[in-house]
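Asks: The structure's right below; bear with me while I get my questions together.
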Amino acid sequence: MSDDLLVIIPTRGRPQAVPELVAAWDETGATADLLFAVDTDDPQLDAYKREAAKLKTDPRFRFTFGKRRRLVGTLNQQAVKAAKAYRFLAFLGDDHRPRPAAMPWDARIRECLSGGPGIVYGNDLLQGEKMATAVAMTSDIVTTLGYMVPDCLVHLCADLVWVDWGRGMGRITYLDDMVIEHLHPAAGKASVDAVYEDCNSPERASTDAAAYYEYRDGGGLETDLAKLRKLVEEAS
């Protein structure tokens with residue numbers, strides 16, 4: 001493997017998030033690689049390309065530009081590809097910010113996942129332990145399932161699935177003191193923009209919720225958990 005931890009951030013309409021996340025990496029002492037996945041039809045594409053040009057000499061930060069697949073589609077595409085090269089994979093939204101601590105957050109992730117297949121997440125100061133709004137996992141989970149999120153979803157409910165997987169395979173860790181803050185309008189930490197309006201619309205919420213419940217209760221989750229439990233057994 002070329003490295004151990006890659007953080008994937010699908011991003012749209014928020015090029016200003018790039019320097020803020022780079023600053024968060026520097027402030028927290030993070031050494032994980034970070035991949036910004038940008039849509040080629042993004043209205044702010046030129047601004048993203050300018051940010052990419054500024055960072056081209058820093059090997060920690062990379063950009064990929066591709067067809068719009070929405071959050072889940074983009075994350076899955078990049079995660080499946082990266083699972084061949086990285087031991088651990090993580091997802092952050094472009095509105096998440098890791099915060100400084102005694103031990104760098106990405107070092108905590110490596111430590112928690114070094115014992116075999118598993119999932120770890122921290123405190124987003126909004127949902128806490130209830131939802132893994134930012135998450136890290138061993139790449140063999142992605143390889144085993146063929147995705148990082150069930151592809152019946154488009155944007156919402158991935159955070160619920162990750163908790164379901166981790167609890168169902170008996171390999172999940174919540175770190176309350178590892179803060180990866182979610183700067184979301186629901187917490188009064190961001191203004192509603194076009195991206196929030198789109199991905200949190202009543203239609204999207206209804207569609208993704210229905211897809212999640214069908215996955216959870218209709219057999220999809222149990223099928224995936226059987227694969228993950230076998231993965232844990234084989235790794236023991």
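Asks: Can you name the number of the only condition in (1) more than 13 Å from the chain's Cα centre (by Cα); (2) under 21 Å from Ala32 (Cα atoms); (3) at pLDDT 95 or above that Thr138 fails?
Replies: (1)
Asks: For Thr28, which of the numbered conditions (1) touching a residue at least 40 places away in the same chain (Cβ under 8 Å); (2) among the hydroxyl-bearing types (Ser, Thr, Tyr); (3) over 28 Å from Ala102 (Cα atoms); (4) touching a Pro at 6+ places or on another chain (Cβ under 7 Å) fails to hold?
Replies: (3)
Asks: Something else about it: Within region 87-109, is even one residue β-branched (Val, Ile, Thr) and closer than 20 Å to Ala17 by Cα?
Replies: No, that holds for no residue.
Asks: Another question about this same structure. Does Thr74 satisfy the criteria of being touching a Gly at 6+ places or on another chain (Cβ under 8 Å), among the hydroxyl-bearing types (Ser, Thr, Tyr) and surrounded by 16 or more Cβ atoms within 10 Å (Cβ to Cβ)?
Replies: yes
Asks: Of everything in region 6-48, what is assigned to a helix (DSSP H, G or I), within 16 Å of Ile180 (Cα to Cα) and small (Gly, Ala, Ser)? Give them in sequence order.
Replies: Once the filter is applied, which keeps residues that are assigned to a helix (DSSP H, G or I), within 16 Å of Ile180 (Cα to Cα) and small (Gly, Ala, Ser), region 6-48 yields Ala17, Ala23, Ala24.
Asks: Still on this model: Look through region 209-236, keep the residues that are of a type in the set (Ser, Thr, Tyr) and part of a helix (DSSP H, G or I), and return whichever of them is farthest from Gln44 (Cα to Cα).
Replies: Thr223
Asks: While we're here: Is one or more of the residues making up region 23-34 at pLDDT 95 or above, out of contact with any Lys or Arg (no Cβ under 8 Å at 6 or more places or on another chain) and closer than 14 Å to Phe63 by Cα?
Replies: The answer is no; no qualifying residue exists.
Asks: Could you look through region 184-208, keep only residues that are in contact (Cβ under 8 Å) with a residue 12 or more places away in the chain, among the charged types (D, E, K, R) and part of a helix (DSSP H, G or I), and pick out the one that is farthest from Thr133 (Cα to Cα)?
Replies: Arg204
Asks: Something else about it: Could you run through region 33-50 and say how many residues are out of contact with any strand residue (DSSP E or B) (no Cβ under 8 Å at 6 or more places or on another chain) and of a type in the set (Asp, Glu)?
Replies: Of the residues in that region, 3 qualify.
The values are calculated or read from the model by the stated rules, or taken from the named source; none is laboratory data. Everything quoted here is computed from the prediction, not taken from an experiment. Here the Cβ is made from the backbone with ideal geometry for all residues, glycine too, and neighbour counts use every protein chain on show.
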